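Everything below concerns the one structure shown next.
The values are calculated or read from the model by the stated rules, or taken from the named source; none is laboratory data. All figures in this text were calculated on a predicted structure; none of them were measured in a lab. Neighbour counts are summed over all protein chains in view; Cβ atoms, including those assigned to glycine, are modelled from backbone coordinates with ideal geometry. Ligands, DNA and RNA are excluded from the accessible area calculation, which covers all protein heavy atoms including side chains. Shrake-Rupley method; radii C 1.70, N 1.55, O 1.52, S 1.80 Å.
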Amino acid sequence: MDRFRRAAWAALPLLLPLLATGPASAAPSTPSPSLTYGGLASVRPGDTLTVDARSGEASYGDTLHASVFMATGKLRMMDPLLTTTVTIACDARPGTQPVIRRGAGDVGPDEHPFRWARVRVQPVGEDARRACRDKVKRLPAPDLEERWAPGDTWPQSEWDVRTFRAGSRVTLTDNDDEGADGDISLTSRAFADRPVLRGARAVLTATAALKCGAAPGLYVVYRHDAGQSGPDRPWARLRVAPAASGKSCSTDQAAARSAGTSRTAVVASTAGGVFLAAAAGTLLFRRARNRRLRQAGVRVSSE
């Protein structure tokens, strides 16, 4: 027994580092690098870099460029931040490079460039670059959905996705089409009707009823301008959630009212038909009776 005890104590110094660090699976994963205004991010080829901008540091739709980016990043709204993601090219050479911001309305490559931040590419070997090329092939497509402030009118952009319950009524607002009152109609597989944007002073609104039977999921809203040629273009997107439990659906109620109106019309039509038939029968009876009286030599008044 003493021999085993001495062996255990002898092995204890070797076990302590393992007990302190825990299993390999518990080791924290390396966070993805991020970049903010005026900052410096240290990256490696193949890294996906998250760029965040606060109000005043950039504007919606601004683009970010760097010679080491695989593609340009476009700032989208994720309230309260503007954000985008860019990937460092596998052939990026070591060194520090500027990140250039350009405005959303800039039309030329050299118009109003602004040095917004910097990235420092770390040196890597050829094995790492080959692994980078395999990695970027498996990168998922970018998520285009945006999150705007709840108090903002909807939609603020084509990818401003809000969630509404099936059967509810939603308001759509367009702030950019002055003088287009009544010229723009909207369609969607989620709509029970075809709303038309109306208004003045460049603020147009429409109210749409969502189908009670619309399945949960993402739906596109298409825009049709009066006199346009070609297919309607995507204008907005919404996500439909199931109708509230325990409540009758508003579009079902509208359909019921419509059906009720139709039944009333049928009843009224039937009653009117019966009345007309009775009146016609009375007239024929009177004419036949007067004919018999004349044949008998009795004078009758004219019909």
### Query
For the range 153-213, what is the convex hull (Cα atoms) projected area averaged across all directions, in square nanometres?
3.9
### Task
Excluding residues fewer than 8 places away in the same chain, name every one of the aspartates and glutamates whose C-alpha is closer than 19 Å to that of Lys135.
Asp47, Asp91, Glu126, Asp127, Asp143
### Query
At a Förster radius of 41 Å, what calculated FRET efficiency corresponds to the Cβ-Cβ distance of Asp79 and Val124, to the nearest 0.05?
0.70
### Message
Please give me, ordered by residue number, the trypsin sites (Lys or Arg not before Pro) of the range 50-145 that lie in loop per DSSP and have at most 10 other Cβ atoms within 10 Å.
### Response
Arg138
### Query
What's the extension gain from Arg194 to Thr163 if we count 0.36 nm per residue and subtract their Cα-Cα distance?
9.2 nm
### Message
Please report the carbon-and-sulfur percent of the accessible area for the range 34-138; probe 1.4 Å, protein heavy atoms only, DNA, RNA and ligands left out.
### Response
48
### Query
Using alpha carbons only, what's the Rg to Rh ratio of the range 144-245 with Rh from Kirkwood?
0.96
